[in-house]
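> If you scroll down you'll find the structure; I have some questions about it.
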Amino acid sequence: MDVAAEGKAIAKVNDLVIFVPYVVPGDVVDLQIKRKKNKYAEAEVVKIHEYSPNRAVPFCQHYGVCGGCKWQVLPYSEQIKYKQKQVEDNLKRIGKIELPEILPILGSEKTEFYRNKLEFTFSNKRWLTAEEIRLDVKYDQMNAVGFHIPGAFDKVLAIEKCWLQDDISNRIRNAIRDYAYEHDYSFINLRSQEGMLRNMIVRTSSTGELMVIMICKITEDHEMKLFKQLLQFTADSFPEITSLLYIINNKCNDTINDLDVHVFKGKDHIFEEMEGLRFKVGPKSFYQTNSEQAYNLYKIARNFAGLTGNELVYDLYTGTGTIANFVSRQARQVIGIEYVPEAIEDAKVNAEINNIKNALFYAGDMKDMLTQDFINQHGKPDVIITDPPRAGMHQDVIDVILFAEPKRIVYVSCNPATQARDLQLLDSKYKVKTVQPVDMFPHTHHVENVVLLELR
C-alpha cells in the first residue's frame, strides 16, 4: 500500500489501483468497491482486520465525517514523509528533468490550532452520521452550524470542537449557535434559499486581533432588528473581538466579494506581522492561512532569491503583496502583478503602512499583463518570484519569463504536479538548483514547494 496525492491510501489488486480514504499503509481491511473505471477504482472500508503499526488515533470527534484533516490516522512524522515523497515523485515523474538533492521537508511546529481563518456554514438540514441513523438518534434541533459535508451541498455537519483554529473560534461559534437556538432564529435552507443565518468567518492573527464576520439573508426590517440583537450579544459576550463585521447576502450563492461589508464594532481590518512589517488583512483579503509557516515559506523564498539590494524583482501572482513587501528591503525595486484588483489595493496599502517606497503593483490577468512590452517598459528582472494558483502558470507567462531571462526564478507552488509541468517548460534555459518542500497544512495531503532555478 501507498498514499496518493489526494490523501487516500492505495491498494493494488492485480493491475487494478484502488483508492481508499481513512486508512493507512499496513492496515488489513475488507473493501467495498464504490466506483470502478478501467485502470482504477474507489472503495470504502467495510471491516478492519488488523491495524497498521504506523497508525495514530484521530484526536477529533468529527474525524471521518467532516471531510477535513483526513490524515489524522497517520503520525505526523509519517505525514511529512509522504509529502516529501509526493514532491519528489511529481518532480521526477512529471518534470522529467535533472534534479539536485531535494532538501528535507520543513514540518509545521504547530499541528493543531494552526489556521488563522475558518468559515462555518449555517443550515436547517443537520447531517446525521451513519452511526446516528443506525441508533435512531433524535435531535430537538435540526438546525446546524459547522462544515459542509462533501457531496451534499445543502447539509451541514454540526461542529462541536474543531482543532484547526484557536479555541476562541469554537467558543464564539457555539455561543452564537446556542443564542440562535434559544431565540428561534432561522437557519438558511440552501435549496429553497429561505432563512436568515448563512455563514460565519473567524480570523485570528499573530498580533492577537480577532475578526468575526456574520453573513445573513435579510428581506424584512424585523429580521434586521433580530440580527443586530445577535451581533450585540456577540460583542458583549466576546470583548476580545476587535473587528465585528456583517454582510447582507440575499443572493443564491455564498460569494461575498461583490457585497458591502458593514462594521458593527471595532475596525474593518486586523493586522498580521512579520519581522516588524505589518500586513493589513480585511474581510475579503487573501492571506496564507498558517501564519507561522507562511513566515518560514517567505524566508526560504527570500533566501533562494539571493538578493543583495541591487536587484529588480518581479513578484508574479503577488496577491496582497506579502512576498513583494517582505523582500523589498533587500531589493532595488519590486514589481508585483496580480489578477484581483482588490488584492492589489491591499498590496499598495501594505506598502504604504510599512513605508515601502520601492514596490510597484499592477492588477490584471497575468498572461495579459506580463508581456514583452511590459518588460521593455519596466526593465528586465534580475529575479522572478512566482506563486501561481493550483493550475500553475499559463504557457504565455512561461514564454515571457523565458524572454525576460532573469538570473534566478523562485517558484513557490501549492501543487507540485503543475509545478513539475512548468519546470519542464522552463528547462530549456533554467536548471533546478534547490528544492525545499514546506508543510503548511498538517493532517491534510496538501504541501507547498519552493524551487530555485538558475539561468543555464
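> Does E275 satisfy the criteria of being touching a Ser or Thr at 6+ places or on another chain (Cβ under 9 Å) and open to solvent by 30 Å² or more (accessible area, probe 1.4 Å)? Write out each step before concluding.
Numbers: touching a Ser or Thr at 6+ places or on another chain (Cβ under 9 Å): no; open to solvent by 30 Å² or more (accessible area, probe 1.4 Å): yes.
When the stated conditions are applied, E275 does not pass them.
> Shifting gears a bit: For Y246, state whether it is under 27 Å from G392 (Cα atoms) and aromatic (F, W, Y). Reasoning before the result, please.
Numbers: under 27 Å from G392 (Cα atoms): no; aromatic (F, W, Y): yes.
Criteria not met by Y246.
> Related question: Having 3 or more residues that are exposed (fewer than 15 other Cβ atoms within 10 Å of the Cβ) is the bar; report the helices (runs of 4 or more DSSP H) wholly within segment 326-389 that clear it.
Working: elements: 341-353, 366-369, 372-378.
Fully inside segment 326-389 and qualifying: 341-353, 372-378.
> Let me ask you something else. Only one of (1) in a loop (DSSP other than H, G, I, E, B); (2) loosely packed, with under 15 Cβ neighbours inside 10 Å; (3) modelled with pLDDT of 90 or more; (4) under 28 Å from the mean Cα position of the chain (by Cα) is not met by S108, so which one is it?
Looking at each condition in turn, S108 falls short on (2).
> Continuing with the same structure: If you go through segment 188-218 one residue at a time, how many are more than 24 Å from the chain's Cα centre (by Cα), touching a residue at least 40 places away in the same chain (Cβ under 8 Å) and either under 17 Å from S237 (Cα atoms) or open to solvent by less than 10 Å² (accessible area, probe 1.4 Å) (or both)?
2
> While we're on this one: Name the pairs whose Cβ atoms lie under 8 Å apart, with the first residue in segment 220-238 and farther than 14 Å from D178 by Cα, the second at pLDDT below 95 and open to solvent by less than 30 Å² (accessible area, probe 1.4 Å), and 6 or more positions between them or separate chains?
none
> Looking at segment 392-443 only, could you name the residues that are more than 25 Å from the chain's Cα centre (by Cα) and aliphatic (A, V, I, L, M)? Give the steps one after another, and end with the answer.
The initial filter retains those residues of segment 392-443 that are more than 25 Å from the chain's Cα centre (by Cα), namely 396, 399-408, 424-433.
Selection gives V400, I401, L402, A404, L425, L426, V432.
> Quick one: in segment 390-417, of everything that is of a type outside the set (G, A, S) and part of a strand (DSSP E or B), which residue is surrounded by the fewest Cβ atoms within 10 Å (Cβ to Cβ)? Show your work before the answer.
From segment 390-417, those of a type outside the set (G, A, S) are 390, 393-403, 405-412, 414-416; that's our starting set.
Within this subset, residues satisfying the condition of being part of a strand (DSSP E or B) are 408-412.
Numbers: R408: 21, I409: 28, V410: 26, Y411: 27, V412: 23.
Out of the qualifying residues, it is R408.
> Restricted to segment 219-238, and to residues that are assigned to a helix (DSSP H, G or I) and of a type in the set (F, W, Y), which residue is surrounded by the fewest Cβ atoms within 10 Å (Cβ to Cβ)?
F233
> Got at least one residue in segment 123-138 being open to solvent by less than 20 Å² (accessible area, probe 1.4 Å), out of contact with any Ser or Thr (no Cβ under 9 Å at 6 or more places or on another chain) and at pLDDT below 95? Steps first, answer last, please.
Initially, segment 123-138 is screened for residues open to solvent by less than 20 Å² (accessible area, probe 1.4 Å), giving 123.
If we keep only those that are out of contact with any Ser or Thr (no Cβ under 9 Å at 6 or more places or on another chain) too, we end up with 123.
Of the ones still in play, those that are also at pLDDT below 95 are none.
Scanning segment 123-138, I find no residue that is open to solvent by less than 20 Å² (accessible area, probe 1.4 Å), out of contact with any Ser or Thr (no Cβ under 9 Å at 6 or more places or on another chain) and at pLDDT below 95, so the answer is no.
> Pick from segment 50-105 the residues that are among the charged types (D, E, K, R) and in a loop (DSSP other than H, G, I, E, B): which of them is most open to solvent (accessible area, probe 1.4 Å)? I'd like the intermediate steps shown before the answer.
Of all residues in segment 50-105, those among the charged types (D, E, K, R) come to 50, 55, 70, 78, 81, 83, 85, 88-89, 92-93, 96, 98, 101.
If we keep only those that are in a loop (DSSP other than H, G, I, E, B) as well, we get 55, 96, 98, 101.
On the way: R55: 58, K96: 146, E98: 122, E101: 167 Å².
Per the stated criteria, the residue is E101.
The values are calculated or read from the model by the stated rules, or taken from the named source; none is laboratory data. Bear in mind the structure is a predicted one, so any value in this text is a computation, not a measurement. Glycine also receives a Cβ, built like all others from the backbone with ideal geometry; neighbour counts cover every protein chain displayed. Quick note on the areas: whole protein, heavy atoms, side chains included, nothing else; ligands and nucleic acids left out. Shrake-Rupley method; radii C 1.70, N 1.55, O 1.52, S 1.80 Å.
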